[in-house]
Amino acid sequence: MARSGYYRPPQQSELAVFTRAKELSKAVFVVTQDAPKKYRFSLVSRLQDLSLEVVGHLYRANDIIIAPTVLKR
C-alpha cells in the first residue's frame, strides 16, 4: 500500500508502532465494511476484533513497569 501521501509520521508523543497498529485497524474496518453477509459475523467480526486487540495489547504492554532488578540482568 505504498501510495503517495499515505504514510503519516507519528505524533511526537506516540510511538510509530501505535500509529501503524491504528492504521491497520482502520484499514481492516474499511476493507471489511462491504463484506458479504455470509462472512460478516464470522470472518469479518474476527478480523475486526483481532485488529482492535493488537492496539489494546500494545497500550497494555506500554504501561507495564519493569522492575529495576530485571533491567540489571
Sorted from largest down, give the three principal axis spans of the alpha carbons of segment 16-71, whole angstrom values. 53, 21, 11
Count charges around residue 40 for me, please; just the other residues with Cβ under 12 Å from its Cβ, Lys/Arg as +1, Asp/Glu as -1. +2
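Laboratory data are not the source of any read-out in this text; all were calculated from the coordinates shown. All figures in this text were calculated on a predicted structure; none of them were measured in a lab. Don't worry about glycine lacking a Cβ; one is built from the backbone with ideal geometry, like all the others, and counts go over all protein chains shown.
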